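Remarks on the structure that follows.
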Amino acid sequence: MKESGGGGGGGGGDGFVRADQIDLKSLDEQLERHLSRAWTMEKRKEGGVGGGGGGGEHHQKREQRVREEWEIDPSKLIVKSVIARGTFGTVHRGLYDGQDVAVKLLDWGEEGHRSEAEIQYLRAAFTQEVAVWHKLDHPNVTKFIGATMGSSDLNIQTENGRMGMPSNICCVVVEYLAGGALKNFLIKNRRKKLAYRVVVQLALDLARGLSYLHSQKIVHRDVKTENMLLDKSRTVKIADFGVARVEASNPNDMTGETGTLGYMAPEVLNGNPYNRKCDVYSFGICLWEIYCCDMPYPDLSFSEVTSAVVRQNLRPEIPRCCPSSLANVMKRCWDANPDKRPVMDEVVTMLEAIDTTKGGGMIPVDQSQGCLCFRRKRGP
């Protein structure tokens, strides 16, 4: 995916911008200069006076300026009840221009508890997420509607009416998906398991979405069933681009532990350079989870998982009842050597070739022919 305008950050060649290398201090200044120019040009078109003016007009300019293509009109947004809480904010139900939406509200200030450097970093991450997301268009990727970088017009609707929000609140607005997280769907089906055709369909949705992201040179970096949402017809859509990054042309530029333990590839756990194949590894774990409706490594601590995955090549145990065509996809995806893992396009082809008409789904443990791998009770 080619990014336009990346500002003063180091690039990775080929026109791709490393969002984490943007000069954080100048980010806001660049945005403000761009918006001021756009506002000035618009006023000239309208026959108004050119954009001169001193500091006294600064606030007025911001209110009247032309919106970026990804910016929402805050006056059309109604924010309702909280549906999830995260590290930096909350996710709410909402309405935007009459459409059902999910609204991610980010409050980086936390009443003065964060340093300016931390806030600048979070603002850059937010801009990165928006820049990545607003260009995407695929049936297996959550539809991005818009965002705002803080606005005095933002209102939250509560049972007691509306209340204004601090101007440092920023929000991302996306389509609302009624089916909730894929992980919750799997937990609900933990005892009875899923029909084989459903397993393969869910896996194909996820594989096609990842294949699309990779075609846009985007590495998601946090592929897990919690970050996949279901619509009302049970289509999987990839969500949460909080750590997604435009892939660097030099893999040595992409290092650092990012993701969730249990889904993280050995090279990421080791702090080694990595590329889009880290998503392929995570997909392999998700595929096991979709088939088994169970958690990988439920009895191991974080440190035990890290050590065993890297040093002892630990992977989730594939049940004996799992058809070899599906087991083969899992094993190839979670190969310790990234070069031996297939690309997501190939994974899609392998899944499309699977014949689900003969069955092959996971056998619930309470049936007489239950699979021995999961006799031990786990969880509720």
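The values are calculated or read from the model by the stated rules, or taken from the named source; none is laboratory data. Being a predicted model, the structure only gives us computed values, none of them experimental. Every residue, glycine as well, gets a Cβ built from its backbone with ideal geometry; the counts of neighbours run over all protein chains shown.
Output yes when any residue across region 147-170 is at pLDDT 80 or above, outside any helix (DSSP H, G or I), in contact with a strand residue (DSSP E or B) (Cβ under 9 Å, 6 or more places away or on another chain) and not assigned by TED's automatic domain parsing to the domain that holds residue 350, and no when none is. Yes: one or more hits.
Quick test for you: out of 279, 294, pick the one residue that is modelled with pLDDT of 90 or more and either surrounded by 24 or more Cβ atoms within 10 Å (Cβ to Cβ) or farther than 28 Å from residue 191 by Cα (or both).
Details: 294 fails: either surrounded by 24 or more Cβ atoms within 10 Å (Cβ to Cβ) or farther than 28 Å from residue 191 by Cα (or both).
On inspection, the qualifying residue turns out to be 279.
With respect to residue 320, determine if the residue is over 25 Å from the mean Cα position of the chain (by Cα), modelled with pLDDT under 95 and more than 25 Å from residue 186 (Cβ to Cβ). Considered against the rule, which asks whether it is over 25 Å from the mean Cα position of the chain (by Cα), modelled with pLDDT under 95 and more than 25 Å from residue 186 (Cβ to Cβ), residue 320 comes out as no.
Remark: residue 175 matches the filter, which requires a residue to be at pLDDT 75 or above and either touching a helix residue (DSSP H, G or I) at 6+ places or on another chain (Cβ under 6 Å) or closer than 27 Å to residue 286 by Cβ (or both). Within region 226-262, being under 24 Å from residue 101 (Cβ atoms), under 11 Å from the mean Cα position of the chain (by Cα) and either in a loop (DSSP other than H, G, I, E, B) or modelled with pLDDT under 95 (or both) holds for 226, 227, 228, 229, 238, 239, 240, 241, 242, 243, 244. Is it true that residue 278 is assigned to a helix (DSSP H, G or I), in the same structural domain as residue 217 (by TED's automatic domain parsing) and farther than 23 Å from residue 230 by Cβ? So residue 278 fits the description; yes.
Please enumerate the residues belonging to region 297-333 that are among the hydroxyl-bearing types (Ser, Thr, Tyr), surrounded by 15 or more Cβ atoms within 10 Å (Cβ to Cβ) and either touching an Asp or Glu at 6+ places or on another chain (Cβ under 8 Å) or without any contact (Cβ under 8 Å) to a residue 40 or more places away in the chain (or both).
297, 325
Considering region 196-218, and only residues there that are modelled with pLDDT under 95 and among the aliphatic types (A, V, I, L, M), the residue that is nearest to residue 137 (Cα to Cα) turns out to be 213. Note on region 343-356: among residues that are touching a residue at least 40 places away in the same chain (Cβ under 8 Å) and not aliphatic (A, V, I, L, M), the one that is surrounded by the fewest Cβ atoms within 10 Å (Cβ to Cβ) is 352. Conditions first: (1) buried (at least 17 other Cβ atoms within 10 Å of the Cβ); (2) modelled with pLDDT of 95 or more; (3) more than 15 Å from residue 293 (Cα to Cα). Residue 340 passes all but one, so which condition is the exception? It is condition (1) that residue 340 fails.
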